[in-house]
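S.K.: Handing you a structure now.
Nothing in this text is a laboratory measurement; each read-out follows from the coordinates by a stated rule. Here the structure is a predicted model, which is why all the values come from computation and not from measurement. Here the Cβ positions follow ideal geometry from the backbone for every residue, glycine too, while neighbour counts run over all protein chains shown.
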Amino acid sequence: MKFKTIEWKGDRIRLLDQRKLPQEVRYLDCPNASSVAQAIRTMAIRGAPAIGVAAAMGIALAAKKTRSRNPRVFAKAIEKVCQEMRETRPTAVNLFWAVERMEKILRRVGNDGVEETKKNLVREALQILKTDIEVNRKIGMYGKKLIKKGDGVLTHCNAGALATGGYGTALGVIYAARDEGKQFQVFVDETRPMLQGCRLTAWELVQEKIPATLITDNMAGVLMRKGLVNLVVVGADRIAGNGDTANKIGTYGLAVLSKSHGIPFYVAAPTSTLDLSLASGEEIPIEERNIAEVTHFRGYPIAPKGVKAFNPAFDVTPHSLIHGIITEKGIIRKPFRKNLRKMFAALKPRPERFQTLSTGQAGVPYRTRDSKEG
Ligand code: MRU
């Protein structure tokens, strides 16, 4: 990759400001945890794994800059920062997973002492970043087998290097297939309302010289009907215990279209995106963002003043529409509940339930029709 999504600079964190892309490649220096939290909220950095890395680095930065030598005072101050990070965005579980990893280190401050804990927190944040890139490469390695010569591969939103520590999940699959010399075509959904496909995925693919065609979200059906799409690969923000998957709004519609055209639909995600404490996708908190993102186009009004609008940032795709989940441990197939548990048993135990928050405004309930099986 010719760019770095996020970098630890010792006294600050440097982010590639994704709000400015593709017009400008501008880096944003965050000198403290609050500015990192603000960058996550305003989507200067976004994408499930990337916001996990950012939150962890923000916590490490706060720890490094905290003056108190008293373990209790130090722990209280850093715990407040952890909470601030948790309150930034509610859907991507990677954020809560990363905060909990940092809290685990923090809880040992009584034994380790403040200075050692500071070092351990920085080490942990850097480890989260390093592992994320390695994990994405493994996802790419497993996923590339799904792409055949001459295929048309459709993706939604941005699940690339920009959305992760580097390399990407869904785009990682595409990069790995390209690196193997496979010739294929990529279709990129523009991804209204925030245009992550158009602004970010298309930008990444142009940087990487991968042939890609940008389409508006409402064109996917036509492409499928014409036989131009052979595979759909998307990322994920949270995967429940039965395989129901929350991802960028519009993913569900694509999955329905894929099913009706007989096209395999895959989710690419690290195991840090799994939330087995949730029985189904109905329990996943869905972020609702400001309706100005719908009524305006990059600040310019495109709807009559006073009109109501609805702006959920994510939707849930029921597991029945998903062919497989490409993880760093391999491709998980149905029955998801059983196979996810089996795979998870081999991993380190994790807390029963993440302490997550919902910022829903309109309170429109999300139901997945067959969310109880799996
Ligand atoms: O609102 P965003 O841009 O943070 O949403 C990002 C997505 O939905 C991605 O597809 C998902 O986080 C996976 S990123 C590897």
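S.K.: Just name one of 193, 43, 336: the one whose Cα is farthest towards the positive end of the charge dipole of the chain (beta-carbon charges, Lys/Arg +1, Asp/Glu -1).
M.R.: 336
S.K.: Can you sort 203, 97 from fewest to most other Cβ atoms within 10 Å of each residue's own Cβ? Mind dumping the intermediate values first?
M.R.: Values: 203 21, 97 25.
Ordered by Cβ neighbours within 10 Å, fewest first: 203, 97.
S.K.: While we're looking at this one, here's another question. Largest first and in whole Å, give the semi-axes of the stretch 154-272's equivalent ellipsoid, each being the square root of 5 times a Cα gyration tensor eigenvalue.
M.R.: Numbers: eigenvalues 70, 65, 40 Å².
Working through the eigenvalues yields semi-axes of 19, 18, 14 Å.
S.K.: Which value, in Å³ per residue, describes the convex hull spanned by the Cα atoms of the stretch 1-156? Could you put the intermediate results ahead of the total?
M.R.: Working: hull volume 19.2 nm³, N = 156.
It comes to 123 Å³ per residue, whole-number rounded.
S.K.: Simple spin-label model, 7 Å along Cα-to-Cβ: residue 226 to residue 179 in nm?
M.R.: About 3.2 nm separates the two model spin labels.
S.K.: Something else about it: Below 20 Å, Cα to Cα, which lysines can residue 130 reach? Residues fewer than 8 away in the same chain don't count.
M.R.: 2, 4, 9, 64, 104, 118, 119, 138, 329, 348
S.K.: At what distance in nm do the modelled label points of residue 7 and residue 305 sit from each other, each positioned 7 Å from its Cα along Cα→Cβ?
M.R.: Roughly 4.5 nm, to one decimal.
S.K.: Mind checking the full-extension length gain between residue 19 and residue 214? Use 0.36 nm per residue of separation minus the Cα-Cα distance, one decimal, nm. Let's see the in-between values first.
M.R.: Values: separation 195, 0.36 × 195 = 70.20 nm, distance 1.89 nm.
Extra length from residue 19 to residue 214 when fully extended: 68.3 nm.
S.K.: Over the Cα atoms of the chain, compute the convex hull volume and normalise it per residue, giving Å³. Spell out each step's value before the answer.
M.R.: Details: hull volume 50.0 nm³, N = 374.
Each residue corresponds to 134 Å³ of Cα convex hull volume.
S.K.: Ok, one more. Among 230, 32, 111, which one moves the most in a GNM of the chain with springs linking Cα atoms closer than 10 Å?
M.R.: So, out of 230, 32, 111, the one fluctuating most is 111.
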